[in-house]
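What follows is a short report on a single structure.
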Amino acid sequence: MNTAQLRERMQAVEARDLLRHPVVLSLLVLVALFAAGNVAAPGFASFGSLTNVLRIAAFLGVIAAGQTIVILGGGEGIDLSVGKIATFSTVIVAQVSQGQDERLLLAIVTAFAYCGLIGLGNGIGVAYLRIPPLVMTLGMVGVVTGIIRVYSGGQPEGRAPAMLSALVNGTTVGGIRGSVWIWLVVAVFTIWLLRGTTFGRRVYALGANRRAAELSGINLQRNLVLLYVASSLYAALGGMLLLGFAGAASINLADQYQLISIAAVVIGGTTLAGGVGGYLGTAVGAVVLQTMRNLLIVLDIPAAGRQVVNGIILIVLLSLYGRQRRLRQ
Amino acid sequence: MSPEQTPSTLQLVRDARSWLLRGRLPVATAVALLMVTLVANLLIAENFLTAFNIRSIFANVIPLAAVAVGQTVIVLGRGIDLSIGTIATLSSVVTVSLVEPLGLLPAMLVGLGSGAACGLVNGLLVAVVRLQPIVATFATSFVWSGLALYVLPPGTAAAPRMPDVVVQGYRNSILGVPNAAWLLLLIALSWLVLKRTALLRHVYAVGGDEQASYATGVRVVRVQIMTYVVGGTYAAFASFAMLANSGSADALAGGNLTLVSIAALVIGGTRLSGGAGGAGGTIIGVMVLQLLTSLLVALRPPTDIRQLIDGLLVIFALALAGLWSSRRGGR
């Protein structure tokens, strides 16, 4: 009888822990958001609406993947330049390709190279010049803004090649758009990168205890640089997808992802202190944030009210999981 | 060389060294940067020393200076406020809309109160609900700017304006010194007073080691809340300067103050992880940023590369500041 009671109790504890798991929690929030949306606007929880959310969430999801890696690496790691780098990527791809399919590959390679160089700059600033990541990447926003200005003369030319647009917007089985499949591939790759490779294990080690990681032979500075390069490459990819969706580049197309990418990471259960969390949570976080945005559009509140509600929902989402421990403990 | 002189010179060097190593190195770097930018301006900008130019430099720098000092208090307590610029925006639209019905001073009081109230909400979210400051204040920034849009929708016909006395007064001088420069002095003095309060001692303690200060009986939660309230109040002061500078309010202005204020305090030698630094350095950092801008205007580079140079200069200043602070801080 005692063992039965014990087993029952353990199961209850397990169930409670499962409920507290950030990914599960975010999924529950997602269901709640869709249910609430369906009450306010019938049809919000339809399959078509869900695929539409996923289609747009893909851009945030890809950009936030890089953000996740930087934050997991700890040491107050954060990348405020992802939005601007993604914007730079849209400008490069549009200008280099000039909307021609045969130049798309060249454009993509160029964008990855240039954006990777900017990530390299971030990494060198953080790892070797020891500038705090927050301000280093913030300063980089100013630099990239300037680079975009020089590169485009303030008025980006060209547009998305038809092939890129087809890849991102094309409808496949069940009305699922191309961007969702691309995101799925990116997600699987990222989870493998973080869980299955030496690089990923180093990221967690650096985030959990930087000193211990260094003492066990991990080259701190070189790996820090890699984190920021990775983040900028993800941002570049996100920018390319966004260009395929938007059709034409502008000098601030992806800027909004600067801070919302951090929100996606935190809502997904990755702590800003580093070392704890993973990409699955971020991906769900991105879907939650996009659902919230769609819901606010469907509800048709005026701009001022929408901003306020947006902020309040964000706070509620953050309090569900983004909370830190109390001092006493 | 007399026998007594050698030890005293040595002593002097030793004093200077220990002063620098006691954590003054970051501030010394900021002062050096200020000197360099100042001299560069004097050499390159032809009409730098004209009364008009000096007046507009100070007039433009006050909003950022006030916000940055508020941000410094928050950062010292191991927090950060990404909504501080939108608090200034909200407080400015509240103030300017109430000038007509209530009169100037009551309107400013309400504006001040709204800034402090926003800070209180931020403080509660961070210290009591224990959200991570970066994301919590990012979330509230939507709320403040939404409220600002609600109070004063952009494109309102016959938008309320500040009385001319305020706008004129902001640009005038007393004793040959621009009023805006007096205001900067006032901000600096307010910091010197604040620094001597028990609150700020506790803020430094909490920023240095949260657990230890909790164990020694510092009311950590209350102290953290107060840093955000103080920050919000400074943001309200910044909003008055914004109003006086332009005469009217814009529900979309102010947001960019937030991130620049963080750059300014880092250049001024305040550690982002809390506990070390001070608003004196921050004010120097603000001046450095402003002088870099004015230098850039004077150099007249092709407009296309101006932003790029500006960004590179800021990173350069950050790198110089980071050179000392992080090596000492360890964290």
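Some points to look at:
- Of the set (1) under 17 Å from A:Gly61 (Cα atoms); (2) within 8 Å of chain B (Cβ to nearest Cβ), all apply to A:Gly268 but (2).
- Hey, B:Tyr214 within 12 Å of chain A (Cβ to nearest Cβ) and over 13 Å from the mean Cα position of the chain (by Cα) or not: yes
- Condition met for A:Val91 (within 30 Å of A:Leu167 (Cα to Cα) and either in contact (Cβ under 8 Å) with a residue 60 or more places away in the chain or surrounded by fewer than 24 Cβ atoms within 10 Å (Cβ to Cβ) (or both)): yes
- Within the stretch B:187-303, helices (runs of 4 or more DSSP H) holding 2 or more residues that are at pLDDT 90 or above and surrounded by 21 or more Cβ atoms within 10 Å (Cβ to Cβ): B:220-246, B:279-299
- Among the residues making up the stretch B:104-124, those that are buried (at least 24 other Cβ atoms within 10 Å of the Cβ) and either within 14 Å of chain A (Cβ to nearest Cβ) or under 18 Å from B:Gly77 (Cβ atoms) (or both) are B:Gly115, B:Cys118, B:Gly119, B:Asn122, B:Gly123.
- Per the listing A:Gly274, A:Gly285, A:Gly311, the residue uniquely assigned to a loop (DSSP other than H, G, I, E, B) and buried (at least 18 other Cβ atoms within 10 Å of the Cβ) is A:Gly274.
- Qualifying positions in the stretch A:235-259 - surrounded by fewer than 24 Cβ atoms within 10 Å (Cβ to Cβ) and within 14 Å of chain B (Cβ to nearest Cβ): A:Ile251, A:Asn252, A:Asp255, A:Gln256, A:Leu259
- Qualifying residue in the stretch B:81-93 (condition: modelled with pLDDT of 90 or more, of a type in the set (Ser, Thr, Tyr), closer than 30 Å to A:Val265 by Cα and in a helix (DSSP H, G or I)): yes
- Selection status of B:Gly176, more than 14 Å from chain A (Cβ to nearest Cβ), at pLDDT below 90 and surrounded by fewer than 24 Cβ atoms within 10 Å (Cβ to Cβ): yes
- Scanning the stretch A:52-76 for residues that are modelled with pLDDT of 90 or more and more than 14 Å from the chain's Cα centre (by Cα) yields a count of 1.
- Looking only at the stretch A:206-234, and only at residues there that are without any contact (Cβ under 8 Å) to a residue 60 or more places away in the chain and part of a helix (DSSP H, G or I), the one that is surrounded by the most Cβ atoms within 10 Å (Cβ to Cβ): A:Ala213
- Residue pairs meeting the criteria (Cβ under 6 Å; at least 6 apart or on separate chains; first under 20 Å from B:Gln132 (Cα atoms), in the stretch A:62-83; second of a type in the set (Asp, Glu)): A:Gln67/A:Asp79; A:Val70/A:Asp79
- Exactly one residue out of A:Glu214, A:Glu157 is on the phi < 0 side of the Ramachandran plot, of a type in the set (Asp, Glu) and more than 14 Å from every other protein chain (Cβ to nearest Cβ), and it is A:Glu157.
- Number of residues in the stretch A:206-233 that are within 13 Å of A:Leu120 (Cα to Cα) and touching a helix residue (DSSP H, G or I) at 6+ places or on another chain (Cβ under 6 Å) equals 11.
- Looking only at the stretch B:82-103, residues that are surrounded by fewer than 24 Cβ atoms within 10 Å (Cβ to Cβ) and not aliphatic (A, V, I, L, M) come to 4 in all.
- All positions within the stretch A:127-152 that are facing chain B (nearest Cβ under 9 Å), crowded, with 19+ Cβ neighbours inside 10 Å and β-branched (Val, Ile, Thr): A:Ile131, A:Val135, A:Val141, A:Val143, A:Val144, A:Thr145, A:Ile147, A:Ile148
- Index of the failed condition, A:Leu253 passing every other in (1) in contact with a Leu (Cβ under 8 Å, 6 or more places away or on another chain); (2) assigned to a helix (DSSP H, G or I); (3) farther than 23 Å from A:Arg201 by Cβ; (4) at pLDDT 85 or above: (2)
- Single unsatisfied condition, A:Arg293 versus (1) within 13 Å of chain B (Cβ to nearest Cβ); (2) farther than 22 Å from A:Gly37 by Cα; (3) part of a helix (DSSP H, G or I): (2)
- Which listed residue, of A:Leu60, A:Leu80, is under 14 Å from A:Gln258 (Cα atoms), within 14 Å of chain B (Cβ to nearest Cβ) and touching a Ser or Thr at 6+ places or on another chain (Cβ under 7 Å): A:Leu80
- For A:Trp183, the conditions (1) under 20 Å from the mean Cα position of the chain (by Cα); (2) within 14 Å of chain B (Cβ to nearest Cβ) all hold with the exception of (2).
- Answer residue from the stretch B:142-158, given it is at pLDDT 85 or above and either in a loop (DSSP other than H, G, I, E, B) or within 7 Å of chain A (Cβ to nearest Cβ) (or both) and is farthest from the chain's Cα centre (by Cα) among those: B:Tyr150
- Within the stretch A:52-77, the set of residues being on the phi > 0 side of the Ramachandran plot and surrounded by 24 or more Cβ atoms within 10 Å (Cβ to Cβ) comprises just one member, A:Gly74.
- Test result for A:Leu120, closer than 27 Å to A:Ala286 by Cα, surrounded by fewer than 19 Cβ atoms within 10 Å (Cβ to Cβ), touching a residue at least 12 places away in the same chain (Cβ under 8 Å) and within 14 Å of chain B (Cβ to nearest Cβ): yes
- Of the residues examined, A:Ala263 is one that is free of Cβ contacts under 8 Å to residues at least 60 places away in the same chain, within 11 Å of another protein chain (Cβ to nearest Cβ) and not β-branched (Val, Ile, Thr).
The values are calculated or read from the model by the stated rules, or taken from the named source; none is laboratory data. These numbers come from a predicted model, not from an experiment. Reconstructed Cβ throughout: ideal geometry from the backbone, glycine too, with neighbour counts over all protein chains shown.
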